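Sharing a structure, written as structure tokens. Questions coming.
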Ligand code: FNR
């Protein structure tokens, strides 16, 4: 199965991007995880712009979500919510015809330099994903607190053993979740 990872941070030294880069090393054998096109160049949402057509990057992200068996969103928390740039990208994608998040299995992860690991952002994200009818995995939840002490910036990867184990457990649960949704969709 192919899983698309969307990163909510576009900063060069992003810890969340480090988590995304680490995911393929932690995935079960049957799961391929690929990074989505960056959300950095998605224009600010404006219905007038949309009236003139979707930009290529929005079409590419929407197409990648459509083709994927599931999506993992890895995001920082900004001011107790998700970064505006991630919300903006979701807003654009949500206006695409044949809205790609509908019935799409989704797993959430957040990494923060704070003590709660982005828990408030993830719960806002769950709420947003209700409207676009995503099917979000409940547990295990992955909140990576104090991520600056759990990653090796020189290698650009997440190094903390217990965090890597938790992510492995979530990816394993997500594999089962995705399979279950696919099976039920066929029946
Ligand atoms: C933050 N940060 C932050 N952390 C947190 O745990 N809760 C929060 O509400 C916020 N709010 C916040 C707002 C803004 C505007 C910034 C720039 C940062 C800190 C955040 O966890 C930290 O900068 C992370 O390193 C951001 O993720 P990336 O870019 O490293 O992936």
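Bear in mind that the values in this text are calculations on the coordinates, not laboratory data. None of these values were measured; they are calculated from a predicted model. Note that each Cβ is placed from the backbone with ideal geometry, even for glycine, and that neighbours are counted across all protein chains shown.
Tally time: how many residues in the range 6-41 are away from the ligand (no atom under 13 Å from the Cβ) and not in a loop (DSSP other than H, G, I, E, B)?
Number of matching residues: 8.
Which residue, of 79, 103, 88, is out of contact with any helix residue (DSSP H, G or I) (no Cβ under 6 Å at 6 or more places or on another chain), within 15 Å of the ligand (Cβ to nearest atom) and touching a residue at least 24 places away in the same chain (Cβ under 8 Å)?
88
Name the single residue that is farthest from the ligand (Cβ to nearest atom) among those in the range 106-155 being part of a loop (DSSP other than H, G, I, E, B) and in contact with a helix residue (DSSP H, G or I) (Cβ under 6 Å, 6 or more places away or on another chain).
Only one residue fits best here, namely 132.
Name the residue that is farthest from residue 183 (Cα to Cα), counting only residues in the range 88-105 that are part of a helix (DSSP H, G or I) and out of contact with any strand residue (DSSP E or B) (no Cβ under 8 Å at 6 or more places or on another chain).
88
Another question, if that's okay. Going through 107, 121, 173 one at a time, which residue ends up being closer than 24 Å to residue 24 by Cβ, surrounded by fewer than 22 Cβ atoms within 10 Å (Cβ to Cβ) and within 16 Å of the chain's Cα centre (by Cα)?
173
Still on this structure, please answer the following. So, of the residues in the range 42-59 that are surrounded by 12 or more Cβ atoms within 10 Å (Cβ to Cβ) and in a loop (DSSP other than H, G, I, E, B), which turns out to be nearest to the chain's Cα centre (by Cα)?
Selected residue: 42.
With the structure loaded, tell me whether residue 15 is in contact with a strand residue (DSSP E or B) (Cβ under 7 Å, 6 or more places away or on another chain) and surrounded by 15 or more Cβ atoms within 10 Å (Cβ to Cβ) or whether it fails that test.
Spelling it out, residue 15 is indeed in contact with a strand residue (DSSP E or B) (Cβ under 7 Å, 6 or more places away or on another chain) and surrounded by 15 or more Cβ atoms within 10 Å (Cβ to Cβ).
Does residue 166 count as touching a helix residue (DSSP H, G or I) at 6+ places or on another chain (Cβ under 9 Å), under 16 Å from residue 22 (Cβ atoms) and assigned to a helix (DSSP H, G or I)?
So residue 166 fails the test.
List the residue pairs whose Cβ atoms are under 9 Å apart, where the first residue sits in the range 136-164 and is at positive phi, the second is near the ligand (Cβ under 10 Å from one of its atoms) and not in a loop (DSSP other than H, G, I, E, B), and the two are 6 or more positions apart or on different chains.
Partner pairs satisfying both residue conditions: 156/17; 156/18.
Okay, next question. Please indicate, with yes or no, whether at least one residue in the range 54-69 is at positive phi and either free of Cβ contacts under 8 Å to residues at least 60 places away in the same chain or away from the ligand (no atom under 16 Å from the Cβ) (or both).
For the range 54-69, residues at positive phi and either free of Cβ contacts under 8 Å to residues at least 60 places away in the same chain or away from the ligand (no atom under 16 Å from the Cβ) (or both): absent.
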